[in-house]
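Student: Let me begin by handing over the structure; questions about it come next.
The numbers here are math on the coordinates, done by the rules we state, and not lab data. Here the structure is a predicted model, which means the values were calculated and not measured. Neighbour counts are summed over all protein chains in view; Cβ atoms, including those assigned to glycine, are modelled from backbone coordinates with ideal geometry.
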Amino acid sequence: MAGVGALGTELQIAADAVAVIGCGTCLIAATRALAHVEGRPTSTEWKLPVTERAGFIAFVILFPVLNAVGRALSPLGFWGDVSIVGAEALPSVLPACALFAAVVAAAFHHCDDGGMFPRTAAALLILLGALLLADKSTLASFAVPEAVIHSLSLSVELLSHFLFWLAGVMAARTLEWPPLRSAAMAKLVMSSAAILFSLILQAASGLGRFIVIAALYGAVAVLMAVVWKAWQTGHEATEAAPVSDLTEACALIAAERNLSPREAEVLALLAEGRSRTFIMEKLVISDATVKSHTNHIYQKLGVHSKQDLITLVRER
């Protein structure tokens, strides 16, 4: 936005028109490309464990609410006293983008390792802490430069938007909601919270405003503690429960050893004692691909033969 705003009016209009066409073209090209990608995940393969569903129901409520809070505190928020359109905004926009990217990379690198729920919860804690520092009056009282305040506020807003949409995506996958329903629910929560906070924060100022925000954080922290405890209990119960079904055992091992969706499918067929030819025909993949997936599975599971693999699965 800052870069495009630095262009002339005619170029801005042209860039806006081209962006719409370009986005549509990219979506069409990506859809066609994915149709030819071997082993691309299906909707069921993206499904998260049952123990994480309750948590993401909470996330689809919490993150939109916090996004509304971020909008209220941001210089771009309800009252919009700052603009990020134009070259003069680049000094505050670029550090904000860098900080946002660093936080996301730190919280979500190797997402398959450890599960999405703990990482999303960690990002929530980061956002809560950042929102405490994002209040302009609080930072100004510590003689923080105006440019730094703007960059911090923008980075917090970027993070809140990112988590807002991440919660919607996770809700669609975990709860098996249609994507439009997930987005609509999240937007409804955010819009309702925005109206409420705009009324509260306009009426409160100074210490009263800080107390209102602190009370919100306290309520969110308590709710998150309850959700986290429920998730841990369910997660531990799932890990401790005996698995009698071969499919469930394969799914559990695949999650523990960070197998890809296609590797999980091959694992299930290998555990049934299926031959390489059968797997080729069942999954419509080449012999070389079956060999590659099998080698990767053996390495991740620490086995050296199909019989070792079958024994490992059946002992679960």
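Student: Can you tell me the order of 288-296, 8-16 when each peptide is scored by its average per-residue count of other Cβ atoms within 10 angstrom, highest first?
Tutor: Sorting 288-296, 8-16 by mean packing, highest first, produces 288-296, 8-16.
Student: Order these peptides, 248-261, 274-287, by their mean beta-carbon neighbour count within 10 angstrom, highest first.
Tutor: Put in order of decreasing packing, that is 248-261, 274-287.
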